[in-house]
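What follows is a single structure, written as structure tokens, with notes after it.
The values are calculated or read from the model by the stated rules, or taken from the named source; none is laboratory data. Computed from a predicted model, the values in this text were never measured in an experiment. Here Cβ is always computed from backbone atoms with ideal geometry, including for glycine, and neighbour counts include all displayed protein chains. Areas reflect the complete protein model, heavy atoms only, side chains present, ligands, DNA and RNA absent. Shrake-Rupley method; radii C 1.70, N 1.55, O 1.52, S 1.80 Å.
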Amino acid sequence: MELENILKAKKERFSPPTPNFKDSSILITGAGGSIGSELSRQILLKKPKNLYILDSSEISLFEILNNLTEIKVSRKIKTKVSPILVNLCEKNILEDYFENVRLDFIYHSAAYKHVNLVEENNFSALKNNLLSTKNLLDIAVKKSQNFLLISTDKAVDPINFMGFSKKLCEVMVNDFAKKNIACNFNIVRFGNVLHSSGSVIPIFEKQIEENKSITVTDKNATRFFMTIPEAVSLVIGSSSLKSNGKKYVLDMGRPVKILDLALQMIKISGFSPCFGKPSPGEIQIKFIGIRKGEKIHESLTSGSLKKTSIDGIHLVEEKIEKLQINKIIDLLKKKLTKESKERILKLIMNAKT
């Protein structure tokens with residue numbers, strides 16, 4: 001597969017409808033991240049009444065706020081953009097901020113999501129991802145009409161803590177959807193996005209620039225890829241579907257072989273690939289093996305997919321697992337001891353369908 005076809009922004013491939021954001025108040029969490037920042041830009045262009053951008057990183061929030069301000073000035077957009085610097089695990093601060101605010105849409109993008117980092121910091125990641133989602137769901141019940149969790153293919157038959165945490169968040173959203181009809185609670189799941197932080201593309205680019213060996217986990221490893229703008233346009237499109245308690249997956253196309261991606265990047269950079277000791281003008285490809293928590297291949301569902309009314313968005317039909325979320329949340333709120341960690345692991349691993 002040619003790298004140009006992977007990197008090409010495919011806005012023409014899907015043109016999903018979007019909700020009418022006029023006079024709407026919208027909250028985007030993780031607004032400084034790869035997906036959150038693009039969500040903020042695309043939604044701002046729809047000219048909502050209020051746009052709340054939330055992030056726990058001061059520098060990330062500062063950068064996206066400046067970016068949005070420039071767009072507002074250049075496009076003469078009157079949307080009020082409010083930056084919120086807060087950790088979503090701080091429920092009291094969150095509740096105080098939104099005490100007198102009504103929201104039409106919540107896009108929950110914030111999460112710890114780098115597989116290897118999460119694997120090394122598993123319980124802090126579980127605590128962050130689960131408590132932040134639970135706190136935001138509680139806010140949504142009282143304050144919002146629509147809630148959309150942005151999930152990942154790692155949540156399908158997870159083998160790593162990042163995947164487990166997102167799977168638990170999905171189950172939590174499903175539970176809220178069953179008990180609350182005033183707010184639409186839904187999920188959208190997709191794979192890797194090109195040029196996001198931690199993506200293989202910038203890693204390979206840096207390795208080539210520094211004339212280092214390109215490191216590939218396994219010669220057969222594949223991943224789903226999509227450009228950030230395309231993924232975000234479909235995420236927004238999925239929130240226009242009138243539903244509650246549904247799980248959607250984006251059309252990611254065919255999975256891409258990581259080795260093919262590395263070969264194409266080397267060639268496009270003007271070098272030749274090799275698998276032994278490199279000569280001048282060559283870049284070596286090294287296979288380093290699958291790391292803990294990684295898979296050779298990812299899946300977008302453990303069940304089946306049905307078409308929706310929007311091209312590029314599919315409805316997921318799979319068994320909903322019954323996990324004791326409340327017990328896990330209660331344990332995560334307390335001081336994490338060896339005993340409580342073992343109990344949490346047991347609750348996660350003993351999923352019953």
Gain in span if fully extended, Val86 to Gln145, counting 0.36 nm per residue against the direct Cα distance: 19.0 nm
Gain upon complete extension [Asp260, Arg75; 0.36 nm per residue less C-alpha separation]: 62.5 nm
DSSP bridge pairs, the chain: antiparallel proportion in percent, nearest 5: 20
Given charges at Cβ of Lys, Arg, Asp, Glu: the range 147-259 dipole, positive-most of Pro158, Asn220, Ser233: Pro158
Nitroxide proxy distance, nm - points 7 Å out along Cα→Cβ at Ser309 and Lys206: 4.5
Å² of accessible area per residue within the range 122-238, as computed with a 1.4 Å probe and no ligands counted: 31
Signed unit charges on C-beta, dipole axis of the chain, positive-most listed residue Ile53, Leu305, Ile288: Leu305
Surface accessible to a 1.4 Å probe, per residue, for the residues of the range 300-350, Å²: 69
Label-point separation in nm, His297 to Lys179, each point 7 Å along Cα→Cβ: 3.9
The chain - percent of accessible surface contributed by carbon and sulfur, probe 1.4 Å: 49
Mean Cα-pair separation over length for the chain, i.e. relative contact order, pairs under 8 Å, 6 or more apart, %: 17
Stokes-Einstein D for the range 244-305, Kirkwood Rh over Cα pairs, 25 °C, 0.890 mPa s (µm²/s): 164
Distance in nm between pseudo-label sites at Lys335 and Ile320 (7 Å out along the Cβ direction from Cα): 3.8
For the chain, Kirkwood radius (reciprocal of mean inverse C-alpha pair distance, Å): 21.3
Helix axis angle, 200-209 relative to the chain longest principal axis, alpha carbon, degrees: 40
Cα gyration tensor shape for the range 186-322, rounded if a/c is under 1.5, else prolate or oblate: prolate
Per-residue ³J(HN,Hα) for the range 97-104, Karplus 6.51 cos²θ - 1.76 cosθ + 1.60, θ = phi - 60°, Hz, x for Gly and Pro: 5, 9, 4, 10, 10, 10, 10, 9
C-alpha long axis of helix 258-268 to longest principal axis of the chain, angle in °: 60
